[in-house]
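Chemist: Shown below is the structure under consideration.
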Amino acid sequence: MRNAIGREGLERPYQGAFRNVRNFRFEDLKDTERRADFSKDLDEVLDALNLKDNMTFSFHHHLRNGDKVLNMVMEKIHERGLRGIKIAATSLFPCHETLVPMFRDETVTKIYSSYLSGPVAKAVSEGEVKEICVMSTHGGRPRAILEGELHIDVAFIAAPAVDKEGNLSGSEGPSSCGVLGYAAADAKAADKVVAITDYIADTINRPEISGHLIDFVVKVPSIGDPKGIVSGTTKITKDPVGLKIARDAATLIRHSGLLKDGFSFQTGAGGTSLAVALEVKKLMKVGNIRGSFACGGTTDYLVSMLEEGYFEKLYDVQAFNLDAVESVKVNDNHIKIDASTYANIDNPDNIVNKLDVVILGASEIDLDFNVNVTTGSDGVILGGSGGHADTAAGAKLAIIVSTLVNSRISCLVDEVTTVTTPGETIDILITDRGIAIHERHQDLIKKLKEETNLKIMDIRELKEIADYLTGVPAKRKRSDEIVAVSEYRDGTVLDAIYKVKK
């Protein structure tokens with residue numbers, strides 16, 4: 001695995017997907033007993049926090065591109081003249097553009113995140129952030145916080161509902177987002193915790209975060225627009241190419257031997273990934289198969305599979321559309337979980353380690369099966385791991401689905417621009433032109449060739465087809481300046497992300 005060993009900020013090079021597993025005793029972590037102070041306004045709370053330069057503030061993306069809380073807080077921080085602030089946000093979206101001028105005047109000098117898009121991603125890529133930023137995974141972030149690697153001075157939690165005891169829920173109120181799974185580690189470990197809400201109730205049902213972890217509660221007119229949760233593709237593709245890939249994926253899963261009672265499954269919210277879920281559902285119906293659970297970011301397609309009895313349980317760490325938000329309010333088998341329970345490598349009971357199959361996407365995949373979902377081929381940040389690397393490592397079969405060539409650009413390259421997920425954890429690439437299976441699965445390759453008409457190929461053969469269709473792209477020159485690192489779920493560094501020209 002390539003990485004920039006010895007460079008500033010890259011002292012912990014990647015050593016292997018399963019090399020650094022600690023089985024950390026989370027039960028030994030002691031909660032700080034607090035009592036929520038229901039304050040009049042945000043300025044009053046910021047005064048009480050005794051804020052200083054160089055602090056680390058955390059935020060959460062459950063409202064995704066509809067979030068207003070980060071901007072609300074950081075504009076106040078900017079007015080107060082604080083400098084050198086580090087932002088530990090689970091994800092940042094186009095709505096968070098307000099941070100960009102704060103990079104330039106060094107109000108904010110570092111970003112920790114699992115996913116970046118929009119103007120913030122562009123600014124990081126162009127080197128406008130003073131310090132090297134860290135792109136983690138959804139499971140790596142709570143691991144780092146709970147084990148003391150990433151210290152949070154103040155956690156600001158956008159809470160759709162707060163009761164009179166300070167308990168927090170994502171499932172009630174006008175800005176309901178479903179579940180607050182990414183905020184739990186921060187609430188437990190941050191020095192101070194501020195809940196910002198637009199709805200205070202006498203009681204709330206199934207709170208995700210206990211009031212004894214909250215220092216301050218602030219009520220504001222609005223914490224965001226829940227419609228912004230639906231940011232990105234959350235509908236099944238109608239493209240015949242994508243549908244063919246989905247059918248091939250379902251056929252492969254059926255012949256893998258994993259599609260049987262007790263089957264566990266995760267898929268992303270992209271059009272082809274959702275089409276795979278639909279094809280798997282058809283096979284489960286024909287075979288009268290009942291799965292044990294589905295998990296991950298939740299869409300209406302997974303909700304319908306739960307409601308129709310295809311899965312016994314649905315483990316939910318974030319909602320990808322409003323149907324999922326409604327489901328978690330009423331269905332006892334739609335279970336709220338936090339990010340550490342979902343994907344923390346050091347949590348021996350993490351959910352992703354129990355997955356049979358995960359369906360994932362890729363902007364690039366190389367001949368060693370390394371996957372890039374962090375940057376484009378031009379080096380500009382376009383996303384991030386999220387749960388990609390976590391689920392790939394945990395599942396028995398990690399399947400990448402992608403068209404081989406899109407707009408004359410191949411997803412299959414000699415070497416990915418940025419390593420997001422190491423190839424040792426990826427099992428299969430399914431494209432419209434053929435299927436490549438990692439060489440460690442010789443028994444599966446033999447079985448599929450004997451039992452199916454699937455076009456099983458060596459990944460190098462598939463690359464030759466791509467090169468014939470697109471030509472061999474010129475190798476992009478990159479600068480020597482590192483702007484961010486791609487961090488693996490155990491805190492080691494997979495790769496460096498280099499500055500691009502404006």
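Chemist: R0 = 45 Å: FRET efficiency of Asp414 with Lys227, Cβ-based, nearest 0.05? Provide the component values of the computation, followed by the final result.
Modeler: On the way: r = 41 Å, r/R0 = 0.92.
Efficiency for this residue pair is about 0.60.
Chemist: Which parts of the stretch 281-302 would a label at Lys329 reach, counting a residue when its backbone N lies under 20 Å from a point 7 Å out along Cα-to-Cβ?
Modeler: Label zone hits: 298-302.
Chemist: To continue, here is another question. Quick check: residue separation of Glu307 and Glu79 times 0.36 nm, minus the Cα distance between them. What number comes out in nm? Can you show the working numbers first?
Modeler: Details: separation 228, 0.36 × 228 = 82.08 nm, distance 4.88 nm.
So the extension gain works out to 77.2 nm.
Chemist: Sticking with this one: Could you work out the relative contact order of the stretch 187-279? I mean the mean sequence separation of Cα pairs under 8 Å and 6+ apart, divided by the number of residues, in percent. Mind dumping the intermediate values first?
Modeler: Numbers: 84 pairs, mean separation 26.1, N = 93.
Once normalised by length, the contact order is 28 percent.
Chemist: Related question: Mind putting together the pair-distance distribution for the stretch 270-427? All Cα pairs, 5 Å bins, whole percent per bin, short to long.
Modeler: 2, 9, 16, 20, 20, 15, 10, 6, 2, 0
Chemist: Another question, if that's okay. Picking from Ile132, Asn205, Leu49, whose Cα lies most toward the positive end of the charge dipole for the stretch 33-228 (charges on Cβ: Lys, Arg +1; Asp, Glu -1)?
Modeler: Working it through, the farthest residue towards the positive pole turns out to be Ile132.
Chemist: Going by alpha carbons, how many degrees (0 to 90, nearest 10) lie between the helix axis of 240-256 and the longest principal axis of the chain?
Modeler: With both axes taken from Cα atoms, the answer is about 80 degrees.
Chemist: Also, I was wondering about something else. Rounded to the nearest 20 Debye, what is the dipole magnitude of the stretch 33-228 about its Cα centre when Lys and Arg each give +1 and Asp and Glu each give -1 at the C-beta?
Modeler: Values: 22 positive and 29 negative charges, 73 e Å.
The dipole magnitude comes to about 340 debye.
Chemist: Would you mind getting me the FRET efficiency between Glu481 and Asp191? Use the beta-carbon distance for r and R0 = 35 Å, nearest 0.05.
Modeler: Numbers: r = 33 Å, r/R0 = 0.94.
With R0 = 35 Å, the Cβ-Cβ based efficiency is 0.60.
Chemist: Moving on. From the list (i) 0.95; (ii) 1.00; (iii) 1.12, can you say which value of Cα Rg over 2.2 N^0.38 Å was derived from the structure given?
Modeler: From the options (i) 0.95; (ii) 1.00; (iii) 1.12, the structure gives (i).
Chemist: So what is Rg over Rh here for the stretch 194-264, counting just Cα atoms and using Kirkwood for Rh? If you can, show how the numbers build up before the last one.
Modeler: Details: Rg = 21.8 Å, Rh = 17.5 Å.
For the stretch 194-264, the value is 1.25.
Chemist: Using alpha-carbon pairs under 8 Å, 6+ residues apart, how would you state the relative contact order of the chain in percent? Walk me through the numbers before you get to the answer.
Modeler: Numbers: 1248 pairs, mean separation 86.9, N = 502.
Answer for the chain is 17 percent.
Chemist: Given contacts defined as C-alpha pairs under 8 Å and at least six residues apart, what's the relative contact order of the stretch 84-207, whole-number percent?
Modeler: Over the stretch 84-207, the number comes to 21 percent.
Chemist: Less than 16 Å apart at the alpha-carbon level, and either on another chain or at least 8 residues along: which lysines does that give for Lys354?
Modeler: Lys260, Lys313, Lys396
Chemist: Now for a separate question. I'd like the orientation of helix 459-470 relative to the chain: the angle between its Cα long axis and the longest Cα principal axis, in ° from 0 to 90, rounded to 10.
Modeler: Taking Cα atoms only, the helix is inclined about 80 degrees.
Chemist: If I fit a long axis through the Cα atoms of helix 69-79 and take the longest principal axis of the Cα atoms of the chain, what angle between them do I get, 0 to 90°, rounded to 10?
Modeler: For helix 69-79, the angle is close to 50 degrees.
Chemist: Separate question: Separation between the Asn406 and Glu33 pseudo-spin-labels, each 7 Å from Cα along Cα→Cβ, expressed in nm?
Modeler: 5.3 nm
Chemist: Still on this structure, I have one more. Determine the calculated [θ] at 222 nm for the chain from helices alone, applying -39500 (n - 2.57) to every DSSP H run no shorter than 4 residues and normalising by the residue count; nearest 500 deg cm²/dmol. Kindly include the intermediate steps, with their values, before the conclusion.
Modeler: Working: 14 runs with 130 residues, N = 502.
Value at 222 nm, helices only: -7500 deg cm²/dmol.
Chemist: What does the charge dipole of the chain about its Cα centre add up to, to the nearest 20 debye, if the Cβ of each Lys and Arg holds +1 and the Cβ of each Asp and Glu holds -1?
Modeler: Details: 61 positive and 73 negative charges, 231 e Å.
My answer is approximately 1120 debye.
Chemist: Once the piece of chain linking Ala474 and Asn50 is laid out straight, how much longer is it, given 0.36 nm per residue of separation minus the C-alpha distance between them?
Modeler: Working: separation 424, 0.36 × 424 = 152.64 nm, distance 5.29 nm.
Between Ala474 and Asn50, full extension yields an extra 147.3 nm.
Chemist: Taking a cut-off of 14 Å between Cα atoms, list the aspartates and glutamates near Lys285, but don't count ones fewer than 8 places away on the same chain.
Modeler: Within the straight-line limit of under 14 Å, Lys285 reaches these aspartates and glutamates: Asp261, Glu307, Glu308.
Chemist: Right, something else. Does a label point 7 Å from the Cα of Lys447, set along Cα-to-beta-carbon, have any residues of the stretch 258-299 with amide nitrogen under 12 Å, and which are they?
Modeler: Under cut-off, by backbone N: 258-260.
Chemist: Something else about it: Could you calculate the contour length gain from Lys501 to Asp43, that is, 0.36 nm times the residue separation minus the distance between their Cα atoms, to one decimal place in nm?
Modeler: Details: separation 458, 0.36 × 458 = 164.88 nm, distance 3.87 nm.
Residue separation times 0.36 nm, minus the Cα-Cα distance, leaves 161.0 nm.
Chemist: Can you give the charge dipole size of the stretch 240-482 about its Cα centre, rounded to the nearest 20 debye, using +1 on the beta carbon of Lys and Arg and -1 on the beta carbon of Asp and Glu?
Modeler: Values: 26 positive and 35 negative charges, 136 e Å.
With only Lys, Arg, Asp and Glu charged at Cβ, the dipole is about 660 debye.
Chemist: A follow-up question, please. Sequence neighbours fewer than 8 away in the same chain don't count; with that in mind, list the lysines whose C-alpha is under 27 Å from Lys477.
Modeler: Candidates past the 8-residue exclusion: Lys110, Lys122, Lys130, Lys463, Lys499, Lys501, Lys502.
Quick note: the coordinates plus some simple rules give every number you see, no bench work behind them. On a predicted model such as this, the values are computed, not experimentally measured, just so you know. Positions of Cβ are generated from backbone atoms using ideal geometry, with glycine treated the same way; all protein chains shown enter the neighbour counts.
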